[in-house]
Each structure stands twice: as C-alpha cells, then as structure tokens.
C-alpha cells in the first residue's frame, strides 16, 4: 500500500530508442502522479508516446532517465526478473485485442497469473471463479475465448488482470475493439472495480467518450504532457 | 508440478489446434525415427540370420580347411605341404587328398567315436566341370556344392515344399537347386538339365531357399550365381579320373557332444596333429558374425541418425514458426508474470511432446517398413526374416525425442527472449536476436548433447589410438599421449573457431562505417574487405568451374583441356562479375565474410594449440581408462562441430544460390516476380529446407548414379576389355588330349561363319620360385613380400595377393591381337617375334609394382603336373610391366602374367580358352559347333557376364539404396513441413492478393511455381554434385574418358523426382490455403 496515497509516480521520465543510426526521443521528461483509486485517461494522437508511457508504467520497459515508482517501489533500474515479478503482483493489463490464450478456457485464463505467482495469495481456480462471477460471467466459466463475444472476452481479460489483486490496472484501448454497448459495459465494470477494490485504473484511449468517464484526463503530444484536466475527485 | 501440468496441457492443446503445421512437423520426426527404427530392425534381422543355427552355418561343430588363400586359412607357402594329405590345385590353393580326409576322420573318431565326419567334394583335375548349366539360351554359371547327401546337416535341410534334401537325392544324377537358380533358368522340380563336363542328363529333385547357403562362407557365389547340391557319387558321372587322389575342399565334423569345451578341445587336438589345417568352430562363427553385425548395426544406426538429423531441420523450422506466430502470446505471458526460463520451458515441453508423438508414430512406421524390407533382397541378395527388436524401437524413440528437444532448443531459447513490450505492438512479429554469448552457450549445449549421441553410437571408433607409439611426444620429461590430445585440440579448436566466426561480425571494426574508425581501424577494415573479396570471388569461381566441368564433360563425353579451359574462363568472368556487382551495392558483405573467415581461422589455430597443450597435460594426469573415455567423448563432440561447420558452409552456399536464382530475369511476369521475391525474403528457411532435400537427393543420386554408371561402364567396356562378345572355356584333359582340344577349338574358331576375330589362351598353374635380377641376385617370395610391405600399407593381404598373381601364367598368341597398353619405363607388349621365346608381360597393379620387379629381370616358375606330380622349371624374361594404376577396374580377364602361347615347351596347360567376336545371328550355330567339336567346352556370352555384374552391383547398393530412399522421404517431409509453414505465414499476403482480385488458381500457381523452383534447385545441386564426384572419379580412374558411362537419364529422373516431391508437398499444403475466403484470413490474421 502506497504510504503517500500515490499508486504511480513518474519523475522526469525520458525514453529514447535507436532506430537505425538515429536516436529517437519518444518521451521527453514526463512528471506525473496518479492516486490510488483514481481513474486516469491518457489521450493523444498516434505517435505521441502513449503506448511507450504505458509500457514504462507497466514495467514492460525501463526509462532512459528519470524514475518510475509503483506502489512506493522504484522500478526504473530493475532487472527483467524482478520486473516480471512486479508485473505479476502489482499490475494488471487489459488490451484492446484482449490477448487471451486461445487454447485455455475462461477459468484457466484467469487463473494463469496466480499459478505463476511466487507469493500466491489465492487458490487459482476458486479466485478465478469468484472474479468471473463478479464480472457477470458465472455462466461462461468453461468457455474458450473463441466461444465468447468481444465484450465477454474483455471482461475475462479484466478478471485475469485482477487475479493477483494488483494496485494498478493498465488498460490499452480497452473498448477499442467493442461496440458502444459492450464498451460501456466494460467501462462500468472498471468503475465498479475502482469503487469496490480501490484499484488505480489507467486507460489509454482515442475515444473521447471513454476518456470523459475518467477522474482526470492527461493529453500527450510528441512525448510531453500538453494538457491535464480534472473531471472529478470523488476517489479522494 | 501444477506448472508442469499447465505446460503439458497448454502445449498439447496448442499442437492440437496447430492442424497441418503440427501434422507435418510430426511427419518430419516420424520419418527420421522410422529410418532409425527400420534400419536398426534391419540390422537385427541380419544379426538374427547370422547368429542363429550356428551349427548349420558352420556345417557342423568343426569345419576343417586346407591351406590356401582366404580369410582364416593358412597360406600354402607358410606350411609344409605334405603330399599324403594335401594336393595342390594350382594358384595358391590346396585340397585334402582322400588319405588326408581319412586321417582326419580317424583322428576325430579317436577323440569322439560317435562323431560324424563328412566333406565337400572338390572336382579333381577339372575345376570347371559341373560349374555351368547348359540351357537353351547358352551356358550360365552355377555354383556346385557336392556333398555327402546323407550328412546330417544336409540330410535335414528342407526344400521349399518341405522335403529333406537327403531324401530327394537318391541317385548320382539327382540334384537340388537353389530358388534363385530356378528363377533364373525357369526350372522346376522334375526338369532335366545338362551340366558341363557330363554326358548324362541331371534331374532337378527339389528347390531350396538360397538362405540355406547364403550365410555360409559361400554366400557371395551362391547369391550371385545360384547353386545346386549333388551327392559325392556324382564324380562317376563327371568321368573324373578315379585314380586321382584329389578329394575334399573342406571337411565337416559333427560331434556327439557339441558343448563349447568339447568342440574347442577336439579342434585344438586336430590342429596340433595336423599343423597345416585351419579350423572354424561354432564359437569362431559366433564371434566373427557378431563382429560383422556389430559393425553393420553401428553403420545403419549412423545412417538412420543422418535421416533423423534431416528431420531435425523440420523441427527447427516448425519451432521457429510456432514461436514467431506466438510472439504476442509470449509477450502476454511475460506481461502477466511468466519468467524467460518459464516461457522457454513451456516451448521446450511443446517440442518434447512433438518429439514423443512423432517418435511413437515413427516407431510404428519403422517397424512396418522393416516388415516390408523382409520381401526385398537388401542384404546381398538374400531375404531376411522380420524380427521385433526392442532395442531398435527404444533407441529410435529415445533418439527421436532427444533430437527433437535438441533441435527445438534454440527456437525455445529465442521464445524466452521475446520482449513483453511486444504486446503493445502486436503487429511486429520479428523474433528477437539471441545475444552472441547466449547463442554460443546454446550451441555448446547442443553440440555436447549431439556429441554424446554420436559417442553412444560410435564409441571409440573415431578416436585416435591414445596408446599409439608413433605419436608419443615428450614434454617436461614426461611422456604424453599425443594421439588423445588431438581429440581435445579438435574440440577446442573448432569450438573457438565457431566462436570466432560468430563474434567477428559484432566487432566495431566490422559494424561501423570506415569514417567512424581511426586510421589503423580503417586499414584493418580494408584488409578484411580485400580478403573477403578474394575469398568470395574464388568460391564463386570454383562453383562456376564445377558447373562448367559437369556441363562440358556431359556434352563431350570426356574431360578435355578445351572444356576445362572454357569452364575456367567462364568461372573467372562470372566470379568477377558477381563480386563486382556486389562490391558496388553491398560492400559490407565482403568485410563481414572476411572477418568471419579470419575469425574462424585465427581462433581455430589458437584453440588447437591450447587444446594440444591442455590435452597433453590432461593425458599425463588422468588414468588411462578415464582418459580414453574423455577422448572418445570429445571426438564425438568434435565430429558434431565439424558437421556444424560443414552444414553452415553448405547452407551459406545454398543461401547464395537462392539469392542468385532470384536474380534471374523474371521477364516482367508478376507471378514469377512474386515467387522469386518470396524465395529471397524467406531465404534463411529456404536454404535450411534445401539442405534437407539436398542431402536426401544427394545420397540417393550418389547410390543410384554410381551403380548405374558402373553398370553402363561395364556394359560398354566389357567387350572391349575382353576383346570379344563370347568366351569359350575348356578343360585340357589328361595326357596329350590338350593338344587336340587346342587344335579343335582353333579349327572351330577358324571355320565357323560369323567369327570376326578371336584369340586363344592357355592357362598354366605355376609355383613361383624366384626373381632373378639383371645383376644376378635372386629374391625369393618372402623377400618380395618384404618389399611390398615396405611400400604399401600393412593392412592389405599382400602375401595372398602375390600368391594369386604369381600362381598362374597365360599363354597368348603374339600375332598382334594383344591390346595396346601403357607400359612402365622400358617395357613393351609381346610382339610376333617373341613367338616361342620365354618372355613375359606382367600387369603392373600397385602391389605387384611394389615388389620391385623391373623390365629386364627374370622370373622363375615351377610347372607341376597334378597327375604325375613332376615339376618342370622355366625362366622367363620380363619384357614389359603395364601401367594399370588408372585401369584396375577395367582390366582384362585372365592371369596377371602372360607369355607367348608356344613358349611353354609342350607342358600341358590347366585350361584352354578363347575370346571371340561372333556375329549375333551366328551365335547359336557357333555354340553348336563348339559343343560338337570340343568335348568339354562352355560358351559364355558377355551379356550374361553383364547380368552377373549388374546383380553384383545391385547387391552391394541395396542397403545404401534403402538408406538413401529413407533420407529422401525425410527430406520430402521437411519440405512439406516448410511449405505448410510458409503458406501459414503468408496467409495475410494470400488474403490481400485475393481481396485485390487474384484468382485462387493463380495464387496456387504462384505457390507451386515457388516450390517447384525450390525442388529444381535442390535437384540441380544434389544431382549436380553427384555428377561432379562421379566425373572426377571416372576421370581419375580412366584418364578423363567417360565413354558415355555418366547416367544422364538417371540424373534427369532424379531431378524430376525432386521437383515432383516439392510439388506434391506444395499441393498438399497450399490447396486449402489458396482457397480460403480473404475476409476470414484478414480478420483472423
């Protein structure tokens, strides 16, 4: 539990990549604090650095300079092994294309992060069944991804992201592959999770309707934050 | 445990949904394992045939041989030939006299009164009587086995219709023939036949399976010619001189107590009492056969492993595609907390499951295949009984799983390296590169694992002899075993070389552009560039020169200086042109090539020096057995490293060829352009797949084309070398009958219409006495052998070669009909003026030349008369020694030495024969005339000799042929797998093409075109390389004269086969893919 009420802290974070013989500065010094229980939307045009930022927050990548602190743990200089453990315990991921394992059923998909957790808190199957029931999928437990609708698949993905009860949920265009109704259902589910579990939810999206449902909107352009708008502070 | 279960179920599910991809990957493994299992079972079948019924194989508990040439027998010259017991039958051979047989029988009965003693009869005086079966079509050779039909072993031998041989042979003219003879001559039970040397007709009373003799020492003759059994009473029918004392070729003893102790005690007693005999007991046979089968087993297993390794290429391809297609899934797994090693383990489990299932299928296929082999004559013309070998199945299974795991290792390691960040950009499916260090570690693991497999098969056969006295070196005063150190030096040297080659492209010097380097760096870089340029140009030149040589040799039917010069010119021009073009566009390639080669060579040398020192030190420290084990193991690993370097080189050449092929003008036809493009884009996998197919087609083409080429060569050259299409063989008879025979034969040849030309030859069996040098010194047999041993490798059986070559002399007509030959210095052919002079020409095969005999020396021979026992001594001047080094395969028939036919002072020859050219339509009349006028003559036609040569070649190539076919089948499975993978990878491309309006047929056509190109390329490379080897071999043996003996038809058929296999594989896999709806594809990809 973060002692200062912050789930995520970014301190002057930069990220450069080498493309051929050129150095490309994708993130150019971002400082951002995200509170526990907050829903934050990150918006911006293609190539603005949204996905890179998300990768840095999620421990999928490390910054070139600056610090990334998740739940009071500085992950900026962690090795791949420790980052893996951090992703397993502290961060849940939800993707636009769901990325469920096609050969596993709903329960098996959700149970997966628990099975590979080094500090196991739950029985994998029981926890998976509970979470799926919570997300309204109690009747689709043994179905494979191919047998579920888009909205249902995304809810299974959310359940998987929550399996180890992480403080931060990272959602990359979570409704991008869904119709409006299913998209809204997914957003409702995320809001419920924030309310019930006080999980911090970070949403990267192009969809302004979705972004507007967050507590705060951060706009990214060319690797820097160009705007920040607070919509609600109910999470406080 | 829970995780392991997850790995297994997840992998299993994934393979299940993999469909064709999984199926073809399984097929690759299954084909390899099937090759291992079937070949091992074949080994077990051979072993079974060779080690069961030892008593029957040995024809009794003890088999006794007289002195003579042949393995295990004492050389006649090394023992005192007691004329009471032994009779000389010319050359270096002796047989038992009747008193000899009786003495051995009596001695045996003293030790075991109930023993049964029998013999195989030797035709006295006339060694060719009964050896030809006269049929309507002419005379054909048959192997006579004249025995006592009531000897227990033969009495109980069953005919194919279940009767006992001892029961059906009742009279001297009853014979039992082998099934292959019956097939060849179209004979059945009850038929009457004629054998040369007898006036009476014989009756076929039974037919036996050739296997009853096939596994005895006679197996070569009986499987080649077929045989007949006759009772020893047949000698009355053959009109053999009853007064003759020549009697038994070998003696069989069946003891009342066949226990090993009794057998060995009696055989030792017999050997002590008759020091000139050699014996073979059931234990000897067991030991000899188990050595043979051990060697055969190792060989077939190794060949099977080659197949399995070809299949391994399919595994690498499959696992890489599985990993590539699942990079996003891997990234997701890593995102939710799976560590790199857990991902690697997951995919390793998947490849092991592939291995287990594929190996199980392979085991079943292999056993079925071995059961099929039962019906084919794959072991020297004999059929084998199918046996179930647990060892074969177990070995095949374990090897299959292990090889799959080893080949799957690298792709699974790559899987572990997929970055989790990929999940955010799922469209990028590029595989991560393994770090150099990681690659080297992975390769070390793979080499060690494969090295252990090689070691487990070959054991110590590869190792240099660690106790070899010749390789001892002294260092720091202690004696070290240098031979063993060589193993470590190779291992370390190659490992360092591979490391050096892998690291070299990563050097700053190579990676950075010249302007970023200092002056020294730039100079080194330019040095590398130049060196790479030279190497590549030379390699290209060699490649084009080889192609040129094959092409000109095929066109001109021989290797000529003009052809070679033209090829060289083309090679230089093309080599330079390609290098120039590459130099303009991709200069860095030369730097990389130069660095890789230099890195390899430098590190190889360094590693070898270090290895030698380390090996020497270890050799001194470690106890002998441990040291031997370590060296054996390291030689296994070094062999794998060597194979790896070879494979990488070949893949590199294939890669280059694929690139070159794709540069061929596509004439603006989009289909061809797309196909070329696809080949180039996937050239890494295309070259690996080509490797598998090339190995398959290379082995098959080597075996078939070599066999065909030999057959064609013999067919074309037999008549030339013989000097005619007909050989007439006669026996000279006793007393002065021979002169009549010679005259009669001469008359028939002179007077029959259609005889275009002929030569008459007389053959004398002689004993070599001494060589008299021009300076008057005399050398005896032992001194000549010493000379030969000093000149030649010691493992050749020199003494028996000398005894056989100097055991007979031919008398030849000197009327100018003798062939024109090349002679060693100062030598010449016999001329008409040599008539009546004691002058000889020696055919100078390598061992004979090693004796040191020179033109102008004299050779002294004894001419024994078998009937009187008297000896005449004659002294011959050597007038010529032919240069046979390049003609040993095509040598004339007859003795190694010949003299004018009228130079033997009236001594009776052993045989009289003639070679004649007779017109085809006069052959029948010619045969009749010969039979009428020359009583004991046999007329042989070259076409029958050709058949025998062909059968011989078929027998020798049957086993390699089976192996080669298995290799090609595995190669076919790999290519099917590769096509399946490539269509799978290109579903999106196919979808896009179809959405743009390209018809299904056209999509399919493009895929087929691409794959037939690949097949054609494999065919050209595999068959072309075989052709090159064959042409080189022929050029070496016959001075560049190919005489149409290069089997162009076979080469074309093999190339077509390659294209057909690729096309079949493509049709099987691409049909479905080309028919998919574009929307489906685009949505799901």
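What the table below lists for this structure:
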item	result
Residue match in region A:114-130 (condition: at the interface with chain B (Cβ under 10 Å from one of its Cβ atoms), in contact with a helix residue (DSSP H, G or I) (Cβ under 8 Å, 6 or more places away or on another chain), crowded, with 22+ Cβ neighbours inside 10 Å and touching a residue at least 40 places away in the same chain (Cβ under 8 Å))	yes
Hey, residue A:74 within 14 Å of chain B (Cβ to nearest Cβ), over 19 Å from residue A:203 (Cα atoms) and free of Cβ contacts under 8 Å to residues at least 12 places away in the same chain or not	no
Close pairs from region B:273-289: first free of Cβ contacts under 8 Å to residues at least 24 places away in the same chain, partner part of a helix (DSSP H, G or I), Cβ under 6 Å, at least 6 apart	B:283/B:260
Test: residue in region A:176-186 that is part of a strand (DSSP E or B) and either touching a strand residue (DSSP E or B) at 6+ places or on another chain (Cβ under 7 Å) or buried (at least 20 other Cβ atoms within 10 Å of the Cβ) (or both)	no
Every residue from region B:850-864 that is surrounded by fewer than 20 Cβ atoms within 10 Å (Cβ to Cβ) and touching a helix residue (DSSP H, G or I) at 6+ places or on another chain (Cβ under 9 Å)	B:852
Number of the exception - residue A:197 against (1) within 14 Å of chain B (Cβ to nearest Cβ); (2) at pLDDT below 90	(1)
One residue from B:996, B:1017 being free of Cβ contacts under 8 Å to residues at least 24 places away in the same chain and either buried (at least 23 other Cβ atoms within 10 Å of the Cβ) or more than 22 Å from residue B:981 (Cα to Cα) (or both)	B:996
Scan of region A:184-197 for residues that are without any contact (Cβ under 8 Å) to a residue 40 or more places away in the chain and in contact with a helix residue (DSSP H, G or I) (Cβ under 7 Å, 6 or more places away or on another chain), ordered by number	A:185, A:186, A:187, A:193
Candidates B:406, B:361, filtered to the one that is within 25 Å of residue B:319 (Cα to Cα), surrounded by fewer than 19 Cβ atoms within 10 Å (Cβ to Cβ) and under 34 Å from the mean Cα position of the chain (by Cα)	B:361
Selection count where residues are assigned by TED's automatic domain parsing to the domain that holds residue B:1006 and closer than 23 Å to residue B:28 by Cβ, scope region B:650-706	25
Subset of region A:86-101 (residues that are out of contact with any helix residue (DSSP H, G or I) (no Cβ under 7 Å at 6 or more places or on another chain) and more than 7 Å from chain B (Cβ to nearest Cβ))	A:86, A:89, A:90, A:91, A:96
The lone exception for residue A:142 - which of (1) at pLDDT 90 or above; (2) buried (at least 16 other Cβ atoms within 10 Å of the Cβ); (3) away from every other protein chain (no Cβ under 12 Å) it fails	(2)
Residues that are under 18 Å from the mean Cα position of the chain (by Cα) and at the interface with another protein chain (Cβ under 7 Å from one of its Cβ atoms), drawn from region A:102-113	A:112, A:113
Considering residues of region B:8-19 that are surrounded by fewer than 19 Cβ atoms within 10 Å (Cβ to Cβ) and assigned to a helix (DSSP H, G or I) only, the residue nearest to the other protein chains (Cβ to nearest Cβ)	B:13
Residue match in region A:209-226 (condition: within 18 Å of the chain's Cα centre (by Cα), in a helix (DSSP H, G or I) and under 30 Å from residue A:24 (Cβ atoms))	yes
Residue list for region B:909-935, restricted to those being crowded, with 20+ Cβ neighbours inside 10 Å and part of a loop (DSSP other than H, G, I, E, B)	B:909, B:910, B:934
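Okay, residues lined up against (1) over 23 Å from residue B:524 (Cα atoms); (2) at pLDDT 85 or above:
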residue: B:589; (1), (2): no, no
residue: B:605; (1), (2): no, yes
residue: B:645; (1), (2): yes, yes
residue: B:650; (1), (2): yes, yes
residue: B:663; (1), (2): yes, no
residue: B:669; (1), (2): yes, no
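The values are calculated or read from the model by the stated rules, or taken from the named source; none is laboratory data. Keep in mind that what you see is a predicted model, and the values were worked out from it rather than measured. Please note: Cβ atoms are built from the backbone with ideal geometry, for glycine as well, and neighbour counts cover all protein chains shown.
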